[in-house]
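Rule-based calculations on the coordinates, nothing more; no lab input. Since we're looking at a predicted model, the values are computed, not measured. Virtual Cβ from ideal backbone geometry, glycine too; neighbours counted across all protein chains shown.
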Amino acid sequence: MAAVVGFLAFVELTSGVIQGYYTPMLTDIARHLGVHDADVNWLEGTQLMVSALVVPVLAKLGDMVGHRRMLLVSSGVTAVATLALPFMPSFGLFLAAWAVQGFYSAWLPLEIALVWSRSRGLPNSAALTAQAAGILVAALEVGAITGALAGGALVDALPLQVVLLVPGVLVAACFVVVWFGVAETPQPAGGRLDLRGLVLLSLALLAFTGGLSMLRLNGVGSTLAWAMVALGLLLLWPFARWELRHPDPLVDVRMFRSPALGPVFLTAGLFGVSVLGAQAPLSTFARTDPALHGYGLGTTGFQTSLLIGVYLVAMIVGALTFPRVARLVTPRITLVGAATCVGIGFLLFVPLHATYLQVVVNMVVVGIGSGALVAALPSAAAAAAPPQQTGVATGLTNSVKTLGGAVASCVFGIALLGAAGAGTAGAAESTAGSFAGYVTVWVVCGGTALVAAALLVVVPKQAFTDRPVTTHV
């Protein structure tokens, strides 16, 4: 078991590298492809949307035909997409490869399921799974910090296309590691995939996000764009009706009606706005040259990676200190405090954004609160769920968080594009995001976090029962 966890830890380390590596160079990627800074939000948004779709599908297929097999499929697809990125000649092709790279988001759920299946017959299977999951999550965070630091340093020293090749090599190595080092799940469960549910959900998400994209391209006065957004929301109705009738649904929508789980899921979605949707705007704001645009920090790639590294370290601190603080007060009060930290941290950006130190302080406050929420929200969902559906509840928490981040990325892209560079020299040719757009990002992230804090106040007490659960960061 130790050897298997070691091999899987390498996979998760690579997952962390992917999540941290590109952020310091998003401005360089925008310049390389000749697009506006606001357009990098669509990289994040499309990948998050793909993640929201593929995680439940690959997890279900893993139960049916084997988790190792799906781990090989997802790592193989991710490797092809990642290796293709440096050679994509246009933003559209780069966006497509970037979106497909989102298959890596299924790695950790598949790994934990694989570890659980292999230890299921042992008397201490729960403890072994929890210990393995802790190692995997630690490897992911180390990879994210390493990736951010390495990406920032390399983009300042090497051509961008060479820099973009590095993650592809690592992902290809993951495929080899899983192929030779990981055994298959014993006795896959079999079953059927809810294909109709998958199609209905995909159509709803594509219509909704497509409408948001049209709003960005054609403006908020576009009737067709708003119609697409409305169609996406309306398609959720037949999807929900089908899932309620299906004996083995893709998504158990009954959980969203639970008075204990509903607020937790909604909180996760609101939290996704900041923890996933704000990453690209924070990076591009730091890289914006204040001498040209009147705002931003004008940081190098490496300086930006240091900001990201500080944020990730603060998240680790928040995740590790949450249990201790919860024992001193209560889990509910600790989570409310964590969400409040995120809200205050983002709202501090409004008056305090002119210096590197100010941004570092803001990101530390946000990071501590975010780390606690990442560690604790899935546990709250699992504790409030029926005993036979704790895993489903935890997965839905992650999926809703991902959807919140995907929608936020689309909205933030629209905000950053509006009046870009207005009032500054060279505004007509500017590719930097608008300052008003950045303020919108900070206010929305701060406001949604404070709403999440208010929701956590009304979650029933059983949602904070002490039950050990692990999940994807």
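So the values come out like this:
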| item | result |
| --- | --- |
| For peptides 151-160, 342-351, sequence by mean Cβ density within 10 Å, most packed first | 342-351, 151-160 |
| For peptides 168-181, 234-247, 262-275, sequence by mean Cβ density within 10 Å, most packed first | 262-275, 168-181, 234-247 |
| Extension gain, Val443 back to Thr300 (0.36 nm per residue minus Cα-Cα distance, nm) | 48.9 nm |
| Point-to-point label distance, Val329-Trp237, nm (Cα→Cβ direction, 7 Å offset) | 4.3 |
| Extended-chain gain in nm, criterion 0.36 nm per residue less alpha-carbon gap, Leu206 and Ala436 | 80.0 nm |
| Alpha carbon centroid spacing (whole Å) that separates segment 203-275 from segment 39-105 | 20 |
| Rounded if a/c under 1.5, otherwise prolate or oblate - segment 1-61, Cα gyration tensor axes | oblate |
| Packing-based ranking, highest mean first, of 58-69, 403-414 given that Cβ atoms within 10 Å are counted | 403-414, 58-69 |
| Anisotropy class of segment 196-313 from Cα gyration tensor, a/c 1.5 cut | oblate |
